[in-house]
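The values are calculated or read from the model by the stated rules, or taken from the named source; none is laboratory data. Here the structure is a predicted model, which is why all the values come from computation and not from measurement. Cβ sites come from the backbone with ideal geometry, for glycine too, and all protein chains shown count toward neighbours. The area values use the complete protein model at the heavy-atom level, side chains included, leaving out ligands, DNA and RNA. Shrake-Rupley method; radii C 1.70, N 1.55, O 1.52, S 1.80 Å.
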Amino acid sequence: MFSDLLYQLADYVPYSADIWRSLIETINLDHWPESLVLLPILALLITADRMSSRFVDAFSFILLALCWAFSAWVFLAQHYAPLYWVAEKIIPFFLIQAFLLLSFGARCLKPDTELVERDGHPGGILLLVVLLALPALQFVFGNSSAQLSWLALSPDATAIITLAWLITTGQIRSMLILIPLAWLGLASLNGLALGLWAEALLLPAALVMINLYWRPKPVTNP
């Protein structure tokens, strides 16, 4: 039955695993200068939990907003849309996510905005693990070094790192998780259809990560 499901999924995907990997490789090779700009961004996100302040939180959310906008422009509009018409329908949701992150970043700068305490949150260690886990799994499952997924250049990496950052800042209960989870669901279905098991594990991994660090709001006595 599982194999039948995979065949049915494959009917909705008009490209092969080799073409998908070639797409990732083309984006990485064409836009590697932009990826160099991301290095200080990654360093900031990984160490931001040690420099907790309104400015750092706001700057980090704004940078993630730019990553989502960059993914919409480069990955979806320029490369994925010519391959699959569905990408055009997804672009507005990426821009909505960028707007939400940008708005939240701006709100962090307001003195009356109450920020969640970082105590008990995993912080930069989780971000570092998430940053490296997807490329490592892709490499294990046969992708070349030029076919790995990185922040902003790949929506997969951008979505999972966004969730890790929301956990780090204690914002995992917010509406900011909806579009990243929706994309990871599509990415997992795409991975199943193409037999790309690193991508197929994205949504289950994200749900496990959220479940591990989901903290209910404390109940206060009236």
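For this structure, a couple of remarks:
- Leading residue by the ranking (nearest to N28 (Cα to Cα)) among those in the range 64-87 that are open to solvent by 20 Å² or more (accessible area, probe 1.4 Å), assigned to a helix (DSSP H, G or I) and not aromatic (F, W, Y): H79
- Listed by first and then second residue, the pairs linking a residue in the range 63-85 that is within 20 Å of S16 (Cα to Cα) to a residue that is modelled with pLDDT under 90 and open to solvent by 40 Å² or more (accessible area, probe 1.4 Å), with Cβ atoms under 7 Å apart and 6 or more places separating them unless they lie on different chains, are Y84/P14.
- Within the span defined as the range 126-136, every residue fails to be outside any helix (DSSP H, G or I) and at pLDDT 85 or above.
- Of residues in the range 189-200 being farther than 17 Å from V140 by Cβ and open to solvent by less than 30 Å² (accessible area, probe 1.4 Å), the one modelled with the lowest pLDDT: A193
- Residue match in the range 168-175 (condition: among the hydrophobic types (A, V, I, L, M, F, W, C), at pLDDT below 90, within 17 Å of A205 (Cα to Cα) and in a helix (DSSP H, G or I)): no
- Residues of the range 135-152 satisfying the condition of being surrounded by fewer than 15 Cβ atoms within 10 Å (Cβ to Cβ) and within 14 Å of L29 (Cα to Cα): S144, S145, A146
- D57 being at pLDDT below 90 and open to solvent by 30 Å² or more (accessible area, probe 1.4 Å): no
- Among residues of the range 125-150 that are without any contact (Cβ under 8 Å) to a residue 24 or more places away in the chain, those with a Cβ under 9 angstrom from a residue that is loosely packed, with under 14 Cβ neighbours inside 10 Å and not charged (D, E, K, R), sequence gap 6+ or separate chain, pair up as P135/S145; F139/S145.
- When the range 102-125 is filtered for residues that are modelled with pLDDT of 80 or more and within 16 Å of G170 (Cα to Cα), the ones remaining, listed by number, are F104, G105, R107, C108.
- L212 being of a type outside the set (V, I, T) and either buried (at least 21 other Cβ atoms within 10 Å of the Cβ) or under 13 Å from the mean Cα position of the chain (by Cα) (or both): no
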